[in-house]
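Read the structure below first, then the notes.
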Amino acid sequence: MDFTFHTTAQVVFREGAADDLGALSAPALPRGPILFVTDATIRGLGLADGALASLAQAGYRAVVFDEVTPDPPAPMIERAAAMAREEGAVGVVGFGGGSAMDTAKLAAYLARSDQALDDIYGVGQCTGARLPLVCVPTTGGTGSEVTPISVVTKSADEKMGVSSPQLMPDLAVLDPLLSVTLPADHTAATGVDAMVHAIEAYTTALKKNPVSDALALDALRLLSAHIRRAVAAPEDRAARGGMLLGSMLAGKAFANAPCAAVHALAYPLGARFHLPHGLSNALLLPAVLRFNRGAVGEAYARLGDVIFGEADAGALIAGFERLGPDLGLPARLSEAGIGEADLAVMARDAMAQTRLLQNNPRAVSEADALAIYRDAF
């Protein structure tokens, strides 16, 4: 099997590592103004205080952009890039969840490249260079700190992805203490999101490779072992660390063996109804597993053994049907405020996600997408 595997050059995993961000970033970031991308909630909680103090102590001038919102809209990303250019930033730090890190990646690229955001949607469309980039995740879910992918809300009803090697961060700093204050519902949703990353990487139709397979299995062992405890006892550092490490491993896996139909069908839920991305994935996962079972039943049986201790594809599906509600998440689209009349529109929207749908182990038509939404409704 021929394959190429790409990943973030350096990963630091340690409790308290965020408070040493200045020293840790020195090999990756040149001295000078640094665009620090985060959100107002993280600033308000003080989660970034230690990192900002450490950067200042190391001789960096951090210019804070804290306007990040969930499902980052294109104009907001363009504002971050404009700030980086105006301040003469020589590097970028993304500090937060997936939205902050995705924004930081694109700001780092757009601030240095001559391309516009509209020029780079899709796979491999970036042709320039970016500013040096460090990512610090505060949730155990997206794995964005080790992927070359950013997701953008392009319009009121459309999400698009940018996937190019230039977006891969230079350094990822993982500090489990940053996720201790994450609310239970966010912990559950982002945790299931990370599990979906690993499942789809393990069963992807394109670019499947043994390194991603191994990482996906290890990620699922960690995530399944710790997710219930992380939700029930948020102060448990071992559980938080297990979730953060599992999310990162899943990120490395799907960065090289791309995600598929669960993510493609989740995008309309975020774009049109502003459901959190992790929750969207959790709501759709059992229905997509049922749809794909005939094509990858053996792989699903292997995953059933790893996650739920039963080597059976049916056990995998049943396990995820239980897991979401057990973690306090809604089980059906109807419970999340989606109306039956919305399903056909979402099916049409999902067909635009060709970057993801081409990776699914079973071809998905618009009629198939509608059937999956109905199954999940």
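The values are calculated or read from the model by the stated rules, or taken from the named source; none is laboratory data. Note that the structure is predicted; figures quoted are calculated from it, not measured. Glycine also receives a Cβ, built like all others from the backbone with ideal geometry; neighbour counts cover every protein chain displayed. For accessibility, only protein heavy atoms count, side chains too; no ligands or nucleic acids. Shrake-Rupley method; radii C 1.70, N 1.55, O 1.52, S 1.80 Å.
Accessible area per residue was computed with a 1.4 Å probe on protein heavy atoms; His226 scores about 50 Å². If both residues of a DSSP beta bridge must be in the chain, then about 25% of such bridges are antiparallel. Among the listed options (i) 18.1; (ii) 22.9; (iii) 16.3, the one matching mean projected area of the Cα convex hull in nm² as calculated from these coordinates is (iii). Computed from backbone phi with θ = phi - 60° and the Karplus coefficients 6.51, -1.76 and 1.60, the 3J(HN,Hα) list for segment 328-343 is x, 8, x, 9, 10, 4, 4, 6, 9, x, 8, x, 4, 5, 7, 5 Hz; x is used for glycine and proline.
What FRET efficiency, computed as 1/(1 + (r/R0)^6) with R0 = 51 Å and r the Cβ-Cβ distance, is obtained for Arg14 and Arg332, rounded to the nearest 0.05? My answer for the efficiency is 0.80. Relative to the first principal axis of the alpha-carbon coordinates of the chain, what is the inclination of helix 210-232, with its axis defined by its Cα atoms, in degrees from 0 to 90 and to the nearest 10? Taking Cα atoms only, the helix is inclined about 90 degrees. The listed residues Asp20, Asp114, Asp102, once ranked by accessible area (1.4 Å probe) with the largest placed first, stand as Asp114, Asp20, Asp102.
Applying 0.36 nm per residue to the separation of Arg221 and Ala367 and subtracting their alpha-carbon distance, the gain on full extension is 49.1 nm.
Restricting attention to the chain, the count of lysine pairs at 8 or more positions apart or across chains with alpha carbons under 20 Å apart stands at 5. Shape of segment 141-199 from the C-alpha gyration tensor: oblate (a/c of 1.5 or more and a/b not above b/c, with a ≥ b ≥ c the square roots of its eigenvalues).
Surface exposure of the chain, expressed per residue as accessible area with a 1.4 Å probe, stands at 36 Å². Remark: spin-label model distance Asp119-Ala295 equals 3.5 nm, labels positioned 7 Å along the Cα→Cβ axis. Here segment 330-377 has 49 percent of its accessible surface on carbon and sulfur atoms, given a 1.4 Å probe and all protein chains in place. Simple spin-label estimate for Asp375 and Leu206 gives 2.3 nm between the two label positions (7 Å along the Cα-to-Cβ direction from each Cα).
Taking each DSSP H run with n ≥ 4 as -39500 (n - 2.57) and averaging over every residue of the chain yields -16000 deg cm²/dmol at 222 nm.
Of the residues Val211, His186, Gly161, the one whose Cα sits farthest toward the positive end of the charge dipole of the chain, with +1 on the Cβ of Lys and Arg and -1 on the Cβ of Asp and Glu, is Val211. You can think of it this way: the chain between Arg85 and Ala56 has 8.4 nm of extra reach, that is 0.36 nm per residue less the Cα-Cα gap. Take the Cβ atoms of Glu340 and His274, set R0 to 22 Å, and the FRET efficiency comes out at 0.70. Give me the percent of accessible area attributable to carbon and sulfur for segment 183-234, probe 1.4 angstrom. Ligands and nucleic acids excluded, carbon and sulfur give 62 percent.
How large a share of the accessible area of segment 36-111, in percent, is made up of carbon and sulfur atoms when the probe is 1.4 Å and the other protein chains stay in place?
Numbers: 1340 of 2600 Å².
For segment 36-111, the apolar C and S fraction of the accessible surface comes to 52 percent.
Rounded to the nearest 10 degrees, the angle from helix 74-86 to the longest Cα principal axis of the chain is 20 degrees. Summing Cβ point charges (Lys, Arg +1; Asp, Glu -1) relative to the Cα centre of the chain gives a dipole of roughly 420 debye.
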